[in-house]
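Please read the structure below before turning to the comments.
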Amino acid sequence: MKDQKLISKAREILNNNYQEKGFTIPCQGLYPFQWNWDSGFIAIGFAHFDMEKAKKEIKTLIDSQWSNGFIPHIIFHNESDTYFPGSEFHQSSLSPLVVNKVPTTGMTQPHVLGFTLERMYHIAENKEDITAFIKTTIDAVYEYSLYFYKHRDPLDEGLVYIYHNWESGTDNSPIWDDIWNTMKSPEYKFERRDTTHVDASQRPSNEEYNHYLHIIEIAKAHNYNDEKIAELSPFLIQDPLFNTVLIASNQSLIRLYELIGGNEDKIATLKQLTEKSIQSFNDKLYDEELKAYCHYDLRNKKLLRYTSSSSFAPLFAEIPDQKRAEELVGTLMDKFGNEDQYMCASFDPTHERYKPKQYWRGPVWINLNWLLYHGLNKYGYNTIAQRVKDDSIEILEKNGFYEYFDARKEEHKNNTAGYGGNNFSWSAALLIDLLSE
Ligand code: DGY
């Protein structure tokens, strides 16, 4: 009964956020366009009760694909004065690779599309219909995967870089502080919009926004050319969350291609890339002392030695072997698993940079919990996985469908520990998916 009530509220949120043009905004006001990885999670939610909307969501996102396979992070389907920086700042039309005229950003986001398609396949009751849909979309998703290895892997390691913190999805993680410390960005004149919707103390600072804009200006000055960006961007990171999600999507694409038949060459390419990626991932991104996966700073050639929720994402793509997984889960429980905490804080709660109310500097996020839940189950950590799932449901039930949540249980006494945007689409979508398990 309780679950049914939550599910119908979640469905209502998704339906309200769905737009006529065939995409779903993450939430009103704060995020009024289509966001790349949000769309994947949203489609998984819709797949449980409105497959047509789920398919449309994916189709609309893929329609923004550039001729090199790249799929942007925001698609500006409409005008809006509630968001900065909008289409006029990003100027995607500078790139000669743009195909679709709808303006976008010139950066991307974690590639969730492969495993989204596979999840949709498993949820679908009508397998014939979903198979037909997959046949019309899978090559675009494959091209998106290949884009990264062709254009974002300068050392040919099978590890791809991101050139902007907004590509990571974990937008203002304290890990990026190390990069901001290497940069001298101009002071731009701009009017923030996010801080008119949400408490400014929970959002990134203006100084951080100067860095965000500065990197975009560098990319724009070179028409979003990847080679130039790799040469010039002060932010060049091999991110464990980003690479995990890409590998997981590749693994899903392999299984989907096997399912629909043919495509042996693509399957072989994906297998070869994935194997190489996993090898380099384990060699390069694991810190033996922290016993956790970390971010590698390609620009300054060093591992950024911090533990965050991204450190445990590799379980989702079965990157560690069982022995390393055990070590990793030990770190998870030591640092993030205290009984007075909800799982899983986005940044190491024992670290001085931990800020439990600030955007990606500490709070719990439902999409990272969803990845962790599935990752833990893959290695047989069912009890911890169940805790991650129960915690996710409990914080949504207590506080509402917020964007992110305080990890400290004591903060939930008055049911006001949900922060950021409210009626947030992926919180709703993934609740539906978790409750359907
Ligand atoms: C923002 O504006 O904070 C967005 O999350 C960028 O993707």
(Q) How large is the accessible surface of residue 171 in square angstrom, using a 1.4 angstrom probe and rounding to the nearest 10? (A) 20 Å²
Q | Three-way shape label, region 31-141, alpha-carbon gyration tensor, a/c 1.5 | A | prolate
Q. Which of 262, 114, 330 moves most in a GNM of the chain, Cα contacts under 10 Å?
A. 262
Q.
Testing the spin-label approximation: label points 7 Å from Cα along Cα→Cβ at residue 258 and residue 282. State their distance in nm.
A. 1.9 nm
Q. How much mean residue ellipticity at 222 nm does the chain get from its helices, if each DSSP H run of length 4 or more adds -39500 (n - 2.57) and you divide by all residues, to the nearest 500 deg cm²/dmol?
A. -15500 deg cm²/dmol
Q: Step through the table entries 53/413; 271/302; 127/335, compare each Cα-Cα distance with 32 Å, and write down the pairs that go over it.
A: 53/413; 127/335
Q) Are there GluC sites (Glu not before Pro) in region 141-206 that DSSP puts in a loop and that have at most 14 other Cβ atoms within 10 Å, and which ones? A) 187, 191
Q) What pairs in 357/389; 189/409; 21/398 have C-alpha atoms more than 29 Å from each other? A) 189/409; 21/398
(Q) Can you give the FRET efficiency to the nearest 0.05 for residue 326 and residue 386, using r as the Cβ-Cβ distance and R₀ = 25 Å? (A) 0.90
Q: Hey, can you grab everything whose amide H is under 5 Å from the amide H of residue 291? Only 5+ residues off in sequence or another chain; H modelled, so Pro and N-termini drop out.
A: none
Q: Sort the chain into rounded, prolate or oblate with this rule: let a ≥ b ≥ c be the square roots of the eigenvalues of the Cα gyration tensor; rounded if a/c is under 1.5, and if a/c is not under 1.5, prolate when a/b is larger than b/c, oblate otherwise.
A: rounded
(Q) I need to check one value: relative contact order of region 174-291, counting alpha carbon pairs closer than 8 Å and at least 6 residues apart, in percent. (A) 18 percent
Q) Percent of accessible area on the chain owned by carbon and sulfur, 1.4 Å probe? A) 45 percent
Q | Rounded, prolate or oblate (a/c below 1.5 giving rounded, otherwise prolate when a/b exceeds b/c) for region 210-340 by Cα gyration tensor | A | oblate
Q | Long-range amide H partners of residue 408 with built H, under 5 Å | A | 342
**Q.** Sequence-distant lysines (8 or more away, or on other chains) whose Cα lies within less than 19 Å of residue 266
**A.** 135, 150, 276
Q: Quote the relative contact order of the chain in percent (integer), defining contacts as alpha-carbon pairs under 8 Å separated by 6+ residues.
A: 17 percent
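The values are calculated or read from the model by the stated rules, or taken from the named source; none is laboratory data. Keep in mind it's a predicted model, so treat the numbers as computed, not measured. Cβ atoms come from the backbone with ideal geometry, glycine included; neighbour counts cover every protein chain shown. SASA here: full protein model, heavy atoms, side chains in, ligands and nucleic acids out. Shrake-Rupley method; radii C 1.70, N 1.55, O 1.52, S 1.80 Å.
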